[in-house]
Amino acid sequence: MKEFKFKTNINCDGCKSAVQPFLDAKAGIEQWHVDTDSPDKILSVHTTQLSAEEIMSTVQEAGYTAEKVDEA
């Protein structure tokens, strides 16, 4: 399983609720979480088969931005 992290503009619980149906419905996403307390609003996604680009596209479909964060 892979974990990707993204810097987003998902700022609050309302934003999380708006993006939730898109991420929950996407086949291949096992688990996801947004840290709205983080300054970068980090979205963590655990997947078995999706690419970072596919996840970013799904977030964009929901009306939000996502930029992949490279972990050191």
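Some notes on this structure:
- Note on the chain: helix-only mean residue ellipticity at 222 nm, from DSSP H runs of 4+ residues weighted -39500 (n - 2.57) and normalised by residue number, equals -10000 deg cm²/dmol.
- Charge dipole (debye, nearest 20) of region 2-68; +1 at Cβ of Lys and Arg, -1 at Cβ of Asp and Glu: 60 debye
- Note on Met56, Met1: ascending count of other Cβ atoms within 10 Å places them as Met1, Met56, the fewest first.
- The largest-to-smallest principal axis extents of the Cα set in region 2-68 are 28, 19, 17 Å.
Taken together, the values in this text are just the output of simple stated rules run on the coordinates, not laboratory data. Since we're looking at a predicted model, the values are computed, not measured. Here the Cβ is made from the backbone with ideal geometry for all residues, glycine too, and neighbour counts use every protein chain on show.
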